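J.: Below is a structure I'd like to ask you about.
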Amino acid sequence: MEKKRTKVRSRVSRDVATAKKALQKKTKKTKGKKLGLSSGCTLVNLACSGSPDYAFQAGHYYFVVGDSDSGKTFVALSCLAEAAIDPKFGEYELIYDGTEEGALMDLKQFFGSRVAKRLQPPDYDEDGNPLNSTTAESFYFNVQRKIDAGVPFIWILDSQDALTSEAEIKAFGKHMSAHEQGKDREKGDYGDGKAKVHSAKLRKIIQPIARMGSILIIINQTRDSFEMFKPSTYSGGRALKFYATLQLWSSKAGDIKKKFRGKDRQLGIYSKIRVKKNRQNGKDRTVIMPIYHSVGIDNIGGCVDYLVSEGTWKKTQQGTITATGIGPTAKLRREELVAHIENENLEEDLKDLVFQTWNEIEEGCRVERKSRYD
């Protein structure tokens, strides 16, 4: 059995020594430069880092919290898809720790064949089947094994909520035994014990991740607060937020609909992304990201909506948008304009215009003061 398992691991893993040499060579070339990973959405990148090109810096841990059906998994898998097409992450292992077993969409359709080929779980069983983390402890053990291997990685834990803990398993066993014996359920702590595990172990992997230039993203589900007027919260304890370089909250801002055969049909959702507790630039920013059931994140459409909402482009009552600054002026409806941008390969021009608009707003809201320390 062990020989078979070793064979499976050798088939799916890169040669560690070769990867280390490649990483050392790449590190010399990129020393002093920020190695950033795109979220797949220009607006989210800007909200996270102030740059249209990346949201997450290599060498850091990030915490993503969101409501159900708000696009958390799409953002996470889009990050891995962006890494798969970015040569700077060519030597990285792309690990999707799908503890919820909920990402059942077609990876090739939404995220491309390259990420489908490179994506891997934390481990494999004897028959080559993927093994995701099951307890908080096993998650950290899995991460530590990758750290010990010395190969940089991008790791998505989706989600922390689906993990249990050794303490919770032990408590459940005691309760089950008492029930089978006809005894009253034992009194005790109803917590799951994960907060204690995260507090003790998360801090131990922060520095190794930084040294390797790896990226860890932990996803969490929001929980409603039982106290009136208090915002939603999350499970797992304060350490998840405390050690994060950035905290990203997602919520559903509405449905994307189209009238077809006389009825409104849901095509997707508008995801509201708020970035807070931001150590990358210290700014709290909120953006809207369209996600379609058929194509995933609509980056171009989101950029078009942003430029219209900020007045860079004008939209008539009839729905025609006057698009300037990305080639010859075009007067088209939204979907026609998106198709025009794709067909004319104007994506980079669009991104530059969004960046320019974003910076104009940032500069316009900046407060000027004389430096107290020069």
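The values are calculated or read from the model by the stated rules, or taken from the named source; none is laboratory data. Remember, predicted model here, so these are calculated numbers, not experimental data. Quick reminder, even Gly has a Cβ in these numbers, built from the backbone with ideal geometry, and neighbours come from all protein chains shown.
J.: Being more than 21 Å from Asp53 (Cα to Cα) and in contact with a helix residue (DSSP H, G or I) (Cβ under 8 Å, 6 or more places away or on another chain) is true for just one of Leu332, Leu350. Which residue is that?
T.: Leu332
J.: Select from the stretch 341-351 the residues that are under 29 Å from the mean Cα position of the chain (by Cα) and more than 18 Å from Ser309 (Cβ to Cβ) and list them in ascending order.
T.: Hits for the stretch 341-351 are Glu342, Asn343, Asn345, Leu346, Glu347, Glu348, Asp349.
J.: While we're on this one: Based on this model, can you work out whether Arg203 counts as over 19 Å from the mean Cα position of the chain (by Cα) and closer than 20 Å to Asp161 by Cα?
T.: yes
A quick yes/no check of all residues on (1) under 25 Å from Ser38 (Cα atoms); (2) of a type in the set (A, V, I, L, M, F, W, C):
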residue: Lys204; (1), (2): no, no
residue: Ile209; (1), (2): yes, yes
residue: Thr233; (1), (2): no, no
residue: Gln247; (1), (2): yes, no
residue: Ser251; (1), (2): yes, no
residue: Gly268; (1), (2): yes, no
residue: Asn281; (1), (2): yes, no
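J.: Filter the stretch 122-132 for residues that are under 22 Å from Pro208 (Cβ atoms) and in contact with a Leu (Cβ under 6 Å, 6 or more places away or on another chain) and give the result.
T.: Of everything in the stretch 122-132, just one residue is under 22 Å from Pro208 (Cβ atoms) and in contact with a Leu (Cβ under 6 Å, 6 or more places away or on another chain), namely Asp123.
J.: Please find, among Ala323, Ala339, the residue that is surrounded by fewer than 14 Cβ atoms within 10 Å (Cβ to Cβ) and either under 19 Å from Asn299 (Cβ atoms) or assigned by TED's automatic domain parsing to the domain that holds Cys48 (or both).
T.: Sole residue among the options that is surrounded by fewer than 14 Cβ atoms within 10 Å (Cβ to Cβ) and either under 19 Å from Asn299 (Cβ atoms) or assigned by TED's automatic domain parsing to the domain that holds Cys48 (or both): Ala339.
J.: Give the residues of the stretch 255-277 that are touching a helix residue (DSSP H, G or I) at 6+ places or on another chain (Cβ under 7 Å) and not aliphatic (A, V, I, L, M), sorted by residue number.
T.: Correct list: Lys277 only.
J.: Turning to a different aspect of this structure: Which ranges mark the helices (runs of 4 or more DSSP H) fully within the stretch 49-166 that have 3 or more residues being surrounded by fewer than 20 Cβ atoms within 10 Å (Cβ to Cβ)?
T.: Passing ranges, in order: 107-111, 113-118, 136-149.
J.: Now for a different question. Restricting to the stretch 248-303, name every residue that is in contact (Cβ under 8 Å) with a residue 24 or more places away in the chain, more than 23 Å from Ser232 (Cα to Cα) and of a type in the set (Gly, Ala, Ser).
T.: Gly268, Ser294, Gly296, Gly301, Gly302
J.: Looking at Arg114, is it of a type in the set (Lys, Arg), out of contact with any Lys or Arg (no Cβ under 7 Å at 6 or more places or on another chain) and closer than 20 Å to Met212 by Cβ?
T.: Here the answer is no, as Arg114 does not meet what is asked.
J.: Inside the stretch 255-268, can you point out the residues that are exposed (fewer than 12 other Cβ atoms within 10 Å of the Cβ) and not in a loop (DSSP other than H, G, I, E, B)?
T.: Across the stretch 255-268, the qualifying residues are Lys258, Lys259, Phe260, Lys263, Asp264, Arg265, Gln266.
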